[in-house]
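Participant: Sending over a structure as structure tokens; questions will come in a sec.
Please treat every number below as a calculation from the coordinates, not as lab data. As the structure is a computational prediction, the values presented were derived from the model and not from experiment. Positions of Cβ are generated from backbone atoms using ideal geometry, with glycine treated the same way; all protein chains shown enter the neighbour counts.
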Amino acid sequence: MDELRYSHDWDVVIVGAGPVGGHTADLLAKRGHRVLLLEEHNEIGRPFQCAGLVTPNAMHQVGLYETILEEIDGALIHGPSGTLVPVGTGGTVRTYVVCRKLFDEAVVKQSMESGATLWLNSKPKQAEVHSEGVILTVVTDSKEVNISTKLLIGCDGAHSWTRRYFRMGRPKELMVGFQTEVVGYQYRKRWLEMYSGSEIAPGFFAWVIPSGNDSCRIGLWSTADRLDGKSIEECYHNLLNHPLWKDRFSNIRETARYCGPVPSGMVRKAYKNRVLLIGDAAGMAKPTTGGGIGPGFEQINGIVDNLSNAIAENTLSEEKLKSIAKGHFEKMRKEQSRARSLRNLLVSDCEDGELDKHFEQFAKPEVIELINEVGDIEKPVPLGMALLRKVPAFRKLALKAGMKLLFS
Ligand SMILES: Cc1cc2nc3c(=O)[nH]c(=O)nc-3n(C[C@H](O)[C@H](O)[C@H](O)COP(=O)(O)OP(=O)(O)OC[C@H]3O[C@@H](n4cnc5c(N)ncnc54)[C@H](O)[C@@H]3O)c2cc1C
């Protein structure tokens, strides 16, 4: 054990070769560290549980434009009673739809080209943290091996083994997402659609996203408490059979379906002695859209240079990791928390009648103009604040928002 401990087989072992694990591996391997990626499945990018939206900013960081299936200029958002709010401008790309299998594979391939090693069919069973490193027992192709590393990073998704093993808390919210892949839906090219209402997606929204080759992804998300005993599949059927929209869905043919968790609300301390959580493992998905790829990338990008120096010096105590991560992580956690407060106020905590009234306001030309001007899928807080400040009908919510934001 001693020999293992002090020779350090690896500088960094990353559990989970999803997009965030892959990108983290790439950034660290590029900085000259010996990185091992462990993936429990025997291939990358499966099972697939994602609408595939990747923001231009996140895409820019990995440059994987060849994985794009569709470019999206805007969203056609429907209130519970049908009020339509079109957000976006034709010809100006707001976000991309990718093939997640190709995207994840390409991110992991980038890391391997930078020098990282990938073990498929491999997952940790046990970890011991010592003063000089971590000894990890890994089950790989049904065999057990002991390896040592300076740092262990959990990028192992919503139900993270790393987070549970090291008792690092839980994300604030766990939404459940359900999605089908269909053909036969008549969609508007370059636009996605969103539907709201307590029967369809209580507190949240459903979506229809073009995904290339005339297919679309139809999905929705919500939380267990808001579903209040209803199954998420029931909500999906409510969307397909909704009196206002059922004609749109009458000719669809399903080719696949999936269900998955969306953890949102960063754990309080995503670091411990020689252990770090990044991405869904840390609860990084956005409370407003459920997007987790961009925030995971942002989380690691904000600390990677200082982290790299600490790995080189093998100074990776909890105190050291805290000094590296705390400022950046706290800022992201606060932003998530403010976005959640505004989301609850304007959408999630509203009965359908109240939401309809909000949609009547959103649909006014001057408000759509404001949304298009300030609205940024990456940063929803400034838009929420602008709506509360500038739309007279929302002013009475502003005081409530002020209190919530003050304490978030
Ligand atoms: C229905 C739905 C739609 C979504 N749509 C979007 C979207 O449009 N855009 C967006 O940005 N996000 C979306 N998300 C969220 C997005 O899928 C995640 O935020 C994103 O995949 C997080 O990446 P990650 O690398 O942190 O985790 P994951 O993608 O979950 O990757 C974790 C990896 O770790 C592996 N793993 C897990 N445990 C172990 C273990 N013990 N040992 C070894 N390997 C392990 C897994 O097999 C997996 O490969 C959606 C989620 C759902 C459920």
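Participant: Using the 10 angstrom Cβ neighbour count as an exposure proxy, how do HIS23, HIS130 rank, fewest first? Present the calculation step by step, with values, prior to reporting the outcome.
Facilitator: Values: HIS23 26, HIS130 15.
In order of increasing Cβ crowding within 10 Å: HIS130, HIS23.
Participant: Relative contact order, percent, of the chain when contacts are C-alpha pairs under 8 Å separated by at least 6 residues? Before the final figure, lay out the partial values.
Facilitator: Numbers: 849 pairs, mean separation 73.6, N = 408.
With pairs under 8 Å counted, the relative contact order is 18 percent.
Participant: Going by C-beta contacts inside 10 Å, put TYR236, TYR258, TYR271 in order with the fewest on the left. Before the final figure, lay out the partial values.
Facilitator: On the way: TYR236 21, TYR258 15, TYR271 26.
With the sparsest Cβ surroundings first, the list reads TYR258, TYR236, TYR271.
Participant: What FRET efficiency comes out for the pair ARG257/ILE368, r = Cβ-Cβ distance, R0 = 51 Å, nearest 0.05? Show your work: numbers first, answer last.
Facilitator: Details: r = 34 Å, r/R0 = 0.66.
Plugging the Cβ-Cβ distance into 1/(1 + (r/R0)^6) gives 0.90.
Participant: Next question. With Rg and the Kirkwood Rh both taken from Cα atoms, where does Rg over Rh land for the stretch 225-290? Present the calculation step by step, with values, prior to reporting the outcome.
Facilitator: Details: Rg = 17.9 Å, Rh = 15.3 Å.
Rounded to two decimals, Rg/Rh equals 1.17.
Participant: Hey, which of these cross-link pairs are over 32 Å Cα-Cα: LYS172/LYS364; LYS123/LYS172; LYS230/LYS390; LYS101/LYS189?
Facilitator: Working: LYS172/LYS364 34 Å; LYS123/LYS172 26 Å; LYS230/LYS390 37 Å; LYS101/LYS189 23 Å.
Table pairs above 32 Å Cα-Cα are LYS172/LYS364; LYS230/LYS390.
Participant: Going 7 Å from the Cα of THR315 in the Cα-to-Cβ direction, what parts of the stretch 247-277 have a backbone nitrogen less than 18 Å from that spot?
Facilitator: So the set is 272-275.
Participant: Excluding same-chain residues fewer than 8 positions from LYS272, which aspartates and glutamates have a Cα within less than 18 Å of its Cα?
Facilitator: ASP11, GLU128, GLU132, ASP156, ASP280, GLU313, GLU318, GLU319, GLU330
Participant: If all Cα-Cα distances of the stretch 286-341 are sorted into 10 Å bins from 0 onward, what percent lands in each bin, rounded to whole numbers?
Facilitator: The distribution over the stretch 286-341 is 22, 45, 25, 8, 0, given as percents.
Participant: Could you tell me what a quarter of the Cα convex hull surface of the stretch 210-262 works out to, in nm² with one decimal place? Please report the intermediate quantities before stating the final value.
Facilitator: Details: hull surface 18.2 nm².
Seen from a random direction, the Cα hull of the stretch 210-262 projects 4.6 nm² on average.
Participant: Fully extended, how many nm does the chain gain between THR92 and GLU43 (0.36 nm per residue separation, minus their Cα-Cα distance)?
Facilitator: Values: separation 49, 0.36 × 49 = 17.64 nm, distance 3.51 nm.
Gain on stretching THR92 to GLU43: 14.1 nm.
Participant: Sticking with this one: So what is the 222 nm mean residue ellipticity for the chain from helices alone, if each DSSP H run of at least 4 adds -39500 (n - 2.57) and you divide by all residues, rounding to the nearest 500 deg cm²/dmol?
Facilitator: Working: 15 runs with 151 residues, N = 408.
Per the formula, -11000 deg cm²/dmol.
Participant: Moving to a separate point now. To one decimal place, what Kirkwood hydrodynamic radius in Å is obtained for the chain from all pairs of distinct Cα atoms?
Facilitator: Working: mean 1/r = 0.0452 Å⁻¹.
For the chain, inverting the mean 1/r across all distinct Cα pairs yields 22.1 Å.
Participant: Same structure again: Anything over 22 Å Cα to Cα? Flag those among LYS150/LYS269; LYS109/LYS322; LYS125/LYS326; LYS269/LYS320; LYS150/LYS322, in the order listed.
Facilitator: On the way: LYS150/LYS269 19 Å; LYS109/LYS322 30 Å; LYS125/LYS326 28 Å; LYS269/LYS320 13 Å; LYS150/LYS322 16 Å.
Distance filter (> 22 Å) returns LYS109/LYS322; LYS125/LYS326.
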